[in-house]
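Shown next, in structure tokens, is the structure this report addresses.
Nothing in this text is a laboratory measurement; each read-out follows from the coordinates by a stated rule. Computed from a prediction, not measured in an experiment: that's the story for all the values here. In this analysis, Cβ positions are derived from the backbone assuming ideal geometry, glycine residues included, and neighbour counts consider all displayed protein chains.
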Amino acid sequence: MPLFRKLWNRLTSKLFYKILVVYSLLTVIPLIIIIGLFYIRTTSIMEEKIKTTSSQTLVETADKIDGILKLVEQLALRLGNLYSASRLLNNADDPDIYPLTPADRTDLELALMDELRTELASEMMIDEVYLFTLDGYTYALEGAKPVMSFPAITYIANLQEMDKLGWAFFTDQRRVTSAMKVVNRTTEQTIGYIAIMLKPQALQETYASYTNGAFYITNSNNLILSARDTKLIDSRLELAGKDQEMVVNRRSSYYTGFTYTSFLPKKDLNREITDLAYYAVGITLVAWFIVFILTFLILRHITKPLMKLSGLMRRAEREEFYQIGGITTNDEIAQLCTSFNRLMEKIKYLIQKVYKTELLKREADLKVVKMHLNPHFLYNTLESVSIMAKGPEAAEIPNMVDLLSKILRSSIMPKQDLVPLETELGLATAFLQLHKYRYKDKLNWSIEIEQGLEALKVPKLILQPIVENAIKHGVDQLTERQGRVAIRAYEHQFDLMLEVQDNGPGFSVSRRAASRGLGTGIENVESRLHLLYGGKYGITVKNSEGGEFGAVVQIRLPIILQERGE
């Protein structure tokens, strides 16, 4: 115990040993966890993929076997339609209607045997072909094995429709058996039967990709009809308990009624994964040992706090100011870290101070612009009221005062520098209505706004100076046509565009210069936009295009959505 404590004190007395121990633990423990999780997850994924692949392989093999067996049906149909076969069977069924001389019978039998030899030579899957009369007389090649049960053959054939080959649920001398009834095409009466036996070895080649004992063809009662081990044919396939140690896939054939069964030992699933896991562990341990030695040499001169300090200094160059935490010692590195923290505090304090100063200056500039805007608007509106008071329209002055009070009330309302676009358009409409009392039918206007933009926030009273400019320099200058002001709001390149267009004489060079003079409404609006959103946003003045009269003042604003609860 004293020896262990002495060793522990030595390891924790120097920063180098602390980092080395911590690094070793932080490397080994996650490594073990990662390898364990990798093995478990990979095993699960691989098992699932292998199961899916084995199931798909079984489907492909079953389809392949069914395709071959369908070709056997075509062979049976072709043999049943042979002239020699039909003459012999018809004669056996009704010799009075279909008589044959001994010589004719001999010739037909020889022709039939030649046909059978030709077909068997070309069909590698076929072991024997048998042609039966209704009373059981058999036509087959010399040396053919005798059929074990003629009644079973007829039973299988009679279960099928005409020209359909039936596949037996039993074997004949370990051969997969099929049978078809031969029918007189005129009377549609059965005149005989054809039985085709498959070679066990040839059928085995259709599933040669499976290992021994991994694939079986059975009937619906699990009687084995074909297997790599021919000794298992005619025995029963036992499935009880196989699911515990095997991956069992089964598929029933709609064509033959056979069941195709494949087995895959579960131990084979994890064998490759286990080998891979051992290999990965060995490589990882070797790599970790090499890294440990290299780290041991490097950490003699470099410590973790210095590396962290270097990283934080690089982040400070990108204006990301973070401090080093967890300083519990009083060595030289700790003193350096403390000095660095004090420096970061000082830098953040100075940045905050400069930022607040600039923010206050910006707010002051905005207040100056607003103070300049409101008297300008009030002067122009009262001038219009004064003109009307001297004429016959004086009775309309109360309504005008109501509209004026609405506009002024909105302009002096506190804490509402940004208002919904719908509200701003309402104020512009009120301003146009004020001038409608003066200009009567000479002034008309329209407002077009894209759907969904009504709730966007815009600076208050930015349209009024532009509309005032359109009336004063556009509509007021007309003598021969009706004045018109069009206000439009739409989205363009992810920004909000507001346009005020009149049909006046348009902007001349002198008028463009005047619009940039200090104290005008357009200049005030543009100053507010620059202060609020930067140089990208502001006002563009141009004459109408496409042969139209008048000028267009275009305002570009950022899209600001109305927050909930406002």
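For the peptides 259-266, 23-30, 458-465, the ranking by packing is 458-465, 259-266, 23-30, with the highest mean count of neighbouring Cβ atoms within 10 Å listed first. In this label model, LYS536 and LYS440 are separated by 4.9 nm, measuring between points 7 Å along each Cα→Cβ vector. Here the calculated FRET efficiency for ASP66 and VAL28, from their Cβ-Cβ distance with R0 = 56 Å, stands at 0.50, rounded to the nearest 0.05. Arranged from fewest to most other beta-carbon atoms within 10 Å of their beta carbon, ILE407, ILE290, ILE217, ILE196 become ILE290, ILE407, ILE217, ILE196. Pairs from the table (LYS18/LYS346; LYS18/LYS308; LYS346/LYS536; LYS440/LYS472; LYS164/LYS199; LYS406/LYS542) lying more than 24 angstrom apart at Cα are LYS18/LYS346; LYS346/LYS536; LYS406/LYS542. Between the listed residues ILE68, ILE196, THR230, the Cα displaced farthest toward the positive end of the dipole of region 44-265, a dipole computed from Cβ unit charges relative to the Cα centre, is found at THR230. For the pair TYR98 and GLU491 in one chain, pulling the backbone fully straight at 0.36 nm per residue adds 132.0 nm over the alpha carbon distance. From most to least packed by mean Cβ count within 10 Å, the peptides 93-103, 535-545 give 535-545, 93-103. If the segment from GLN477 to PHE296 were pulled out straight at 0.36 nm per residue, it would be longer than the present Cα-Cα gap by 56.3 nm.
Panel note: the C-alpha atoms of region 20-96, placed on their principal axes, show extents of 108, 15, 9 Å (largest first). What FRET efficiency comes out for the pair LYS199/PHE289, r = Cβ-Cβ distance, R0 = 51 Å, nearest 0.05? Efficiency, rounded to the nearest 0.05: 0.25. What FRET efficiency, computed as 1/(1 + (r/R0)^6) with R0 = 41 Å and r the Cβ-Cβ distance, is obtained for GLU188 and SER209, rounded to the nearest 0.05? Given R0 = 41 Å and the Cβ-Cβ separation, E is 0.40.
Each principal axis of the Cα cloud of region 44-265 was taken in turn, and the coordinate range along them, longest first, works out to 74, 29, 25 Å. Packing-based ranking of 131-139, 340-348 yields 131-139, 340-348, ordered from highest to lowest mean Cβ neighbour count within 10 Å.
Only Lys, Arg, Asp and Glu carry charge here, each on its Cβ (+1 for the first two, -1 for the last two); on that basis region 44-265 has a dipole of about 680 debye about its Cα centre.
With 0.36 nm allotted per residue and the present C-alpha distance subtracted, the TYR278-GLU119 stretch has 51.6 nm of extension available.
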